[in-house]
Amino acid sequence: MFIVILGGGIDLNGNLPNHVYQRLDKAVQLYFDGIQKENIFIITSGKYSFLYDQLKRYPPITEAEKMAQYLLIKGIPKDKLLLEKKSKDSIGNAYYLKKDFFIPLKVDKAIIITSHFHLERIKYIFNKVFGKNYQFEFIGLQEKLAPDEESKVVNRQNEVLIKTKEILELMPDGDHDYLTKKLYKIKYYLEKRPAWVINFVAQGK
């Protein structure tokens, strides 16, 4: 079984936001609470946001690598860690996880860890990309946000969910190959969004 920790932003200095550490700590808890640890592997998922391509500046380390460093400090054995270092957004998380890990390793069950504000979109994406032959338990951790920040995060997630459904609406459930020539190349990924880069790119919100 996989425990998957989805990336949630990284800044230009290679720092992760607090909500990502919440996800990592939850994964550590689940691993050490597990009875059959020999059957459990943890995947950290994420390169960095595709919006960094607009800045032409990039973090010194991927989200997956930075998360893995923390898990090692917390006592997770190195041979229990798998790193997905290609994805630049949530659709990419699901696509590369399925293509590079779930299919080759013949795994069809996983716990997916994210934050509460991200949960609805993640459920939609994973169910769409993976299809009905996979079983997921989704965990959305509650993050404490200031009221003004929470409203901004909710509004952004609602906006991105609409865009996500537009991107995936023509894709048959489970047909991840549909994305092979589209991911990071269609209009949505190429649109200039300076406010998003400034306000959200490093924080994954």
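The values are calculated or read from the model by the stated rules, or taken from the named source; none is laboratory data. The model shown is predicted, which means the values in this text are computed figures rather than measured ones. Quick reminder, even Gly has a Cβ in these numbers, built from the backbone with ideal geometry, and neighbours come from all protein chains shown.
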Can you name the residue in the range 5-47 that is of a type in the set (D, E, K, R) and within 19 Å of the chain's Cα centre (by Cα) and, of all such residues, is surrounded by the fewest Cβ atoms within 10 Å (Cβ to Cβ)? ASP11
Filter the range 139-184 for residues that are touching a residue at least 60 places away in the same chain (Cβ under 8 Å) and of a type in the set (Ser, Thr, Tyr); which is surrounded by the fewest Cβ atoms within 10 Å (Cβ to Cβ)? TYR184
Which one is nearest to TYR95 (Cα to Cα) among residues in the range 151-194 that are among the β-branched types (Val, Ile, Thr) and outside any helix (DSSP H, G or I)? THR180
Residue in the range 96-113 that is out of contact with any Gly (no Cβ under 8 Å at 6 or more places or on another chain), among the hydrophobic types (A, V, I, L, M, F, W, C), over 21 Å from PHE2 (Cβ atoms) and surrounded by fewer than 21 Cβ atoms within 10 Å (Cβ to Cβ) present: no
Exactly one condition in (1) at pLDDT 95 or above; (2) farther than 16 Å from MET1 by Cα; (3) part of a helix (DSSP H, G or I) is false for ASP148; which is it? (1)
Note on the range 155-205: residues under 17 Å from the mean Cα position of the chain (by Cα) and at pLDDT below 80 are PHE200, VAL201, ALA202, GLN203, GLY204, LYS205
LEU72 meets each of (1) farther than 28 Å from TYR178 by Cα; (2) at pLDDT below 95 with one exception, condition (2)
Looking only at the range 114-123, which residues are closer than 19 Å to ILE167 by Cβ and surrounded by 16 or more Cβ atoms within 10 Å (Cβ to Cβ)? THR114, HIS118, LEU119, ARG121, ILE122
Assuming PHE41 fulfils every condition listed in (1) in contact with a helix residue (DSSP H, G or I) (Cβ under 9 Å, 6 or more places away or on another chain); (2) within 20 Å of LEU119 (Cα to Cα) apart from one, which condition is it? (2)
Out of (1) surrounded by 18 or more Cβ atoms within 10 Å (Cβ to Cβ); (2) touching an Asp or Glu at 6+ places or on another chain (Cβ under 9 Å); (3) at pLDDT below 95, what's the single condition that is false for TYR52? (2)
On the given criteria, is THR114 farther than 17 Å from PHE50 by Cβ, polar (S, T, N, Q) and touching a Lys or Arg at 6+ places or on another chain (Cβ under 7 Å)? yes
